[in-house]
Amino acid sequence: MLGSEEMTQIFAHRGYSASFAENTMSAFIGAEKAGADGLELDVQLTRDGEIVVIHDEKVDRTTNGHGFIKDLTYKEIRKLNANKNGGKKESIPSLIEVFEWLKTNNLLCNIEMKNGLFPYEGMEEKVIELVRKYNLTDRIIFSSFNHYSIVHCYRIAPDIETAPLFLEAIYMPWVYSQSIRAKGIHPKHSTIPDHIITTTIQNGVAVRPYTVNREADLKRLFKLNCTAVITDNPIKAIKIKKTI
Ligand code: G3P
Ligand code: CA
């Protein structure tokens, strides 16, 4: 299980998204420089079958473009600026670009399959093929709100860790995660009480709550020795961790 050592790991949510445009190479590089242990990023599939790193199904919120990823080609997507708020232009990264860079460091990488709205048939296979090509199997965790996708990932790549995402509290999450062979759970931090975090970890299941940005919430999880926190601000989290 990734992250079973003593200290709570810090995963940068969409990269260091508190200071950089989310899900961009600058945000990922910024997270590494900040000292994060890992990244969290979101993947979707273009019309011509490229895996791209972007949170929404549409490019509208985070870029200067319009439309669904599934209707745009990779070439069209690369022309867009993912740093709408000024500063240097940022392209929407391909997963290949991120993996090329991951080969230069030791960061862990939580890949969230954004296939809840559109099933993106074949996306899991494509992502797994790339993970294998870049020899990253022991540094990747697949997560998704689409638990059918999580099970599919496990079936085709049982050696790569999976973790279902939860928006709501569920009963005995360690039992559920073990039943789908997931080595971890990624709950919304405000929905999981202390004793459930502790019992889940005691049952050998990693707990990585998201998206933890407030000091009090970070402190709670560090004190519990939670497996990891997923945060927009790794610098802040590291600073607070040092005080515990
Ligand atoms: O993986 C944790 C978190 O990223 C899930 O929610 O909407 O930020 O992708 P969202
Ligand atoms: Ca995400």
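Once you've got the Cα coordinates, tell me which of K58/K114; K114/K188; K114/K219; K70/K103; K33/K114 are over 21 Å apart. Before the final figure, lay out the partial values.
Working: K58/K114 12 Å; K114/K188 16 Å; K114/K219 29 Å; K70/K103 28 Å; K33/K114 27 Å.
Violating the 21 Å Cα-Cα cut-off are K114/K219; K70/K103; K33/K114.
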- request: Could you work out which residue, out of L130, L117, L41, moves most in a Gaussian network model of the chain, that is, has the largest mean-square fluctuation with Cα springs under 10 Å?
  value: L117
message: Below 19 Å, Cα to Cα, which aspartates and glutamates can K239 reach? Residues fewer than 8 away in the same chain don't count.
response: E6, E32, D37, E215, D217
Within a Gaussian network of the chain (alpha carbon springs, distance under 10 Å), most fluctuating of T198, T24, T211: T198
message: Under 10 Å, Cα contacts only: if you run a Gaussian network model on the chain, which one of E76, E112, E40 comes out with the highest mean-square fluctuation?
response: E76
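Calculate, for the range 151-244, the solvent-accessible area per residue in square angstrom, rolling a 1.4 angstrom probe over the heavy atoms of the protein chains.
Details: 4470 Å² over 94 residues.
Heavy-atom accessible area per residue stands at 48 Å².
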query: How many angstrom lie between the C-alpha centres of the range 1-24 and the range 123-173?
result: 17 Å
query: What 222 nm value per residue comes from the helices of the chain, counting each DSSP H run with n ≥ 4 as -39,500 (n - 2.57) and dividing by all residues, nearest 500 deg cm²/dmol?
result: -9000 deg cm²/dmol
message: Let me check the size of the chain from its C-alpha atoms; what are the radius of gyration and Dmax in Å?
response: 17.1, 49
- line: For the range 9-243, the accessible surface attributable to carbon and sulfur atoms (probe 1.4 angstrom, ligands and nucleic acids excluded) amounts in percent to 51 percent
- prompt: Could you name the aspartates and glutamates in cross-link range of K84, using Cα to Cα under 16 Å and dropping any fewer than eight places away on the same chain?
  reply: E22, D56, D60
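The values are calculated or read from the model by the stated rules, or taken from the named source; none is laboratory data. Since the structure is predicted, the reported quantities are computational estimates derived from the model, not experimental observations. Surface accessibility is based on the protein's heavy atoms, side chains included, excluding ligands, DNA and RNA. Shrake-Rupley method; radii C 1.70, N 1.55, O 1.52, S 1.80 Å.
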